[in-house]
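Novice: Quick one: structure below, then a few questions.
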Amino acid sequence: MTGRPPARRRDAEATRAALLAAAQAQFSLLGYARSALREIAAAAGVDVALIKRYFGGKEGLFTAALKASFDPDRLRGWDRGAFPREVATMMADNSFGDEASVQRFQFLLRAATSPTTAPLLSEAIQERFLGPIRDWLGGEDAMARARVFAAAYIGCLVERLVRNEPLVGRERDVYIERVTVMLEAVAGPVPGRP
C-alpha cells in the first residue's frame, strides 16, 4: 500500500459545469477585470489549469459563462397565447425569490457596461437570446420585433429588480394588464388564431 488517496474519477462535464457556475458567480460579483481565475477555480474545487484546458483562458471562460446564462430552448415550450400574461405576472412579483436569476442578470449588466466584455455579450445575445426570440416570433419583421420584445422584457426586469417587492392590489392588476397588452402588441398575432 502506497498511502496515497485513491485517484478521483474524472468527470469533464461536471468540471465544466462547476467552472461555469463559479465563473458566473465571480463575474456577476466583481466583473471581468477584477475576477481572478485562481479564485474561480478554487470556488469550483478544481485546478486553475483546467480553465485553460476547457475554455482556453479567461475570455473563453467568460464567453462560455455568458452563453450558459441564456437558455435558447426556453421559449420553444412556451404557449404564445399565454406568454404575455405569464411574463407580466412574473414581472409583478418579487425578483429576489429567484437568486439564480438575479445573479445571472447582474452578470449580464456587468458585461454590458465593460468595453472589454460588451462585444462578447453582444455576440452571445445575438446567438442565444435574440435569434431564438426571432425564430419563436416568426413572421414579418421578426428580428425588429425580437429587439423591441427584448427591450421591453429587459426594461421590466430592471424595474422589478429596483422595486424589490411584489406589486399588490389595483397597481398589480393594472401593471399586469398593461404589460400583457404591450407584449402582445410586440409579439404579434399567434399563428393559427384570428
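The values are calculated or read from the model by the stated rules, or taken from the named source; none is laboratory data. Quantities reported herein were computed from a predicted structural model and do not represent experimental measurements. All Cβ positions, glycine included, derive from the backbone under ideal geometry; neighbour counts span all protein chains shown. Accessible surface is based on the protein model in full, side chains and every heavy atom, while ligands, DNA and RNA are left aside. Shrake-Rupley method; radii C 1.70, N 1.55, O 1.52, S 1.80 Å.
Novice: Out of all the residues in segment 77-87, is one or more open to solvent by 20 Å² or more (accessible area, probe 1.4 Å) and over 26 Å from Met182 (Cβ atoms)? Lay out the reasoning, then the answer.
Specialist: To start, the set of residues in segment 77-87 that are open to solvent by 20 Å² or more (accessible area, probe 1.4 Å) comprises 77-82, 85-86.
Filter once more, so that each one left must be over 26 Å from Met182 (Cβ atoms): none.
No, there is no match, as no residue in segment 77-87 is open to solvent by 20 Å² or more (accessible area, probe 1.4 Å) and over 26 Å from Met182 (Cβ atoms).
Novice: May I ask you to list pairs of residues, at least six apart or on different chains, whose Cβ atoms are under 7 Å apart, with the first in segment 104-126 being touching a residue at least 24 places away in the same chain (Cβ under 8 Å) and in a helix (DSSP H, G or I) and the second being open to solvent by 30 Å² or more (accessible area, probe 1.4 Å) and small (Gly, Ala, Ser)?
Specialist: Between residues of segment 104-126 that are touching a residue at least 24 places away in the same chain (Cβ under 8 Å) and in a helix (DSSP H, G or I) and residues that are open to solvent by 30 Å² or more (accessible area, probe 1.4 Å) and small (Gly, Ala, Ser), the close pairs are Ala111/Ala118; Leu121/Ala112.
Novice: Looking at Ile51 and the list (1) outside any helix (DSSP H, G or I); (2) touching a residue at least 24 places away in the same chain (Cβ under 8 Å); (3) of a type outside the set (S, T, N, Q), which single condition is not satisfied?
Specialist: Status for Ile51: all satisfied but (1).
Novice: Have a look at Ala100, Ala41 and point out the one that is modelled with pLDDT of 95 or more, part of a helix (DSSP H, G or I) and of a type in the set (Gly, Ala, Ser).
Specialist: Answer to the check: Ala41.
Novice: Looking at segment 88-107, which of the residues that are more than 11 Å from the chain's Cα centre (by Cα), open to solvent by 30 Å² or more (accessible area, probe 1.4 Å) and of a type outside the set (Gly, Ala, Ser) is farthest from Ala18 (Cα to Cα)?
Specialist: Looking at residues that are more than 11 Å from the chain's Cα centre (by Cα), open to solvent by 30 Å² or more (accessible area, probe 1.4 Å) and of a type outside the set (Gly, Ala, Ser), I get Thr89.
Novice: I've got another one for you. Considering each residue of segment 10-25, count those that are among the small types (Gly, Ala, Ser) and open to solvent by less than 30 Å² (accessible area, probe 1.4 Å), and give that number.
Specialist: Residues that pass the stated criteria total 2.
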